[in-house]
Amino acid sequence: MVNDLRRLLRDSVTAPPPDRMRMTDVLGTGKRKVRRRRTAALAGVAAAVIGIVGLAGLVGGGMSPRPDDSSVADRSNDPVGRVLRLDDAEAAKEGRDYDVLTTQTNAHLDQENGQYFDGFTDDGLVFVQDGPRGKDSRVRYGLLDPETGIRSWLPTPPVHLEQPIHLGRYRLLLRAAAAPAGENGPGVWSYDRRTRQWRHLEWPDLPAGAEYSGTVLGPDNRLYVGLASGSDGETFDLWSVAIDDPADVRDEKTEVGDFDIAGTRLVWTDVSSRPISKVTVRDLETDEEDSFDPQSGDRCNQLELQATATRIVLTEHCGTKDRVRDDRIQVVDYDGEPVLTVRGDGSDIAQAGDDRLLVDSYGPKPGSYLYRFDTGDWLRVTEETSRYGLINDAWADLQTWHTPANGWRGAKQWVVRLK
């Protein structure tokens, strides 16, 4: 599924408990960080318009005011670290801050599916999704060289796939739109870029009938998945499986909220969709663990977590007061020390890389905002963000974002080289 309901989910969060629908984090290596935050509920959308679930009414004319809820947003609950506000960003300029390499425009996402940029591979190609189309909701995938514009299409997969898990130099891992009936596991398919063959991966010893949350590739060539451990959708039992051995299934004996992996570090919160008091980091090579309180406060619901080589990024909603949402992107280092907090109404979708942070805002100051950790530059790179939940991604000095097209009925995706 290409379009994403995350804005709809975020829009519903005005007080605890926020969204109960689980999304997916994906490993990024080096300066590449792919963000995958799909919802399982999308698989049931009608075939004719799969992926066209836009966010009309939530964005475009500005998000509607939230009800006042002073019991949720306490203004004394101050963010830690350097605070960045959307009003402080400087307007970015093409030619000075970035150069455009290629774009993709879908003019009528309100009526039909199109072709989408869906992340970078480890060797810097753009992963492209076309569709779903037709009565069978078939999707085809391809790889685009952003320098030359040449697209190479992959053989059509045997089933409808929707969620890229890992886009490697030699292997692509995608999650099926829906796992076959009776199958144990999250429904993963592997594509070998050298042999051009698709292969279905199964692990019979995984618990049957479980609800899976998160599918993250670790450095040990294992997939780490969360299995719902209760009906509240706030904690998950962590399991791992070997990609190339269906018999190698391991209960990690760890309860997690949101989790991610960067390098050899497995990072998780104690709970999801609630205020958190602990972030834990485990070295997957030594099994050493360390925990800290990120100082998010007791009024900020944890929504997403991303780990990079040097930092941990927490997305939070801290309530609404006087019709203003208190949304935060909190960045800390691996010692738990605060780095910065992006604060603003509607600024609650982030894509983190080792050297940058891209934030999409749908509030009164809409657009995409880029922070450069190396220079401290805080830039507003677009003045609007499309209402369709397309993927933002980064690789080396390349970055993607998306803007409205055709009077908000479509979207334009950009691949740029940062200067």
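Only the coordinates and a few stated rules stand behind these numbers; no lab work does. Note that the structure is predicted; figures quoted are calculated from it, not measured. Cβ atoms come from the backbone with ideal geometry, glycine included; neighbour counts cover every protein chain shown.
So, by mean Cβ neighbours within 10 angstrom, what's the order for 79-85, 138-144 with the highest one leading?
Packing proxy ranking, top to bottom: 138-144, 79-85.
Past 24 Å, Cα to Cα: identify those pairs from Lys321/Lys365; Lys321/Lys412; Lys93/Lys321; Lys278/Lys321; Lys365/Lys412, in the order given.
Lys321/Lys412; Lys93/Lys321; Lys278/Lys321
I need the phi-derived Karplus couplings for region 94-103: 6.51 cos²θ - 1.76 cosθ + 1.60, θ = phi - 60°, integer Hz, Gly and Pro marked x.
4, x, 9, 9, 7, 10, 7, 8, 7, 9
Are there chymotrypsin sites (Phe, Trp or Tyr not before Pro) in region 147-196 that DSSP puts in a loop and that have at most 16 other Cβ atoms within 10 Å, and which ones?
Answer by residue number: Tyr170.
Out of the trypsin sites (Lys or Arg not before Pro) in region 278-361, which ones are loop residues according to DSSP with at most 14 other C-beta atoms within 10 Å?
Here the trypsin sites (Lys or Arg not before Pro) that fit, given the DSSP loop and packing criteria, are Lys278, Arg323.
Considering just Cα atoms, how many Å³ per residue does the convex hull of region 167-267 enclose?
Here the figure is 104 Å³ per residue.
For region 246-360, count all C-alpha to C-alpha pairs, find those more than 22 Å apart, and express that count as a whole percent of the total.
32
Within region 312-412, report the GluC sites (Glu not before Pro) that DSSP leaves as loop and that have at most 13 other Cβ atoms within 10 Å.
Answer by residue number: Glu383.
May I have the extent of the alpha carbons of region 111-153 along their three principal axes, as whole Å values ordered from largest to smallest?
34, 16, 15
Per residue of region 255-267, in order, report the coupling 6.51 cos²θ - 1.76 cosθ + 1.60 (Karplus, θ = phi - 60°) as ³J(HN,Hα) in whole Hz, putting x for Gly and Pro.
Whole-Hz 3J(HN,Hα) from phi for region 255-267: 9, 10, x, 8, 8, 7, 10, 9, x, 9, 9, 9, 10.
Once you place label points 7 Å from the Cα toward the Cβ at Asp397 and Gln197, how far apart are they in nm?
In this crude spin-label approximation the distance works out to 4.0 nm.
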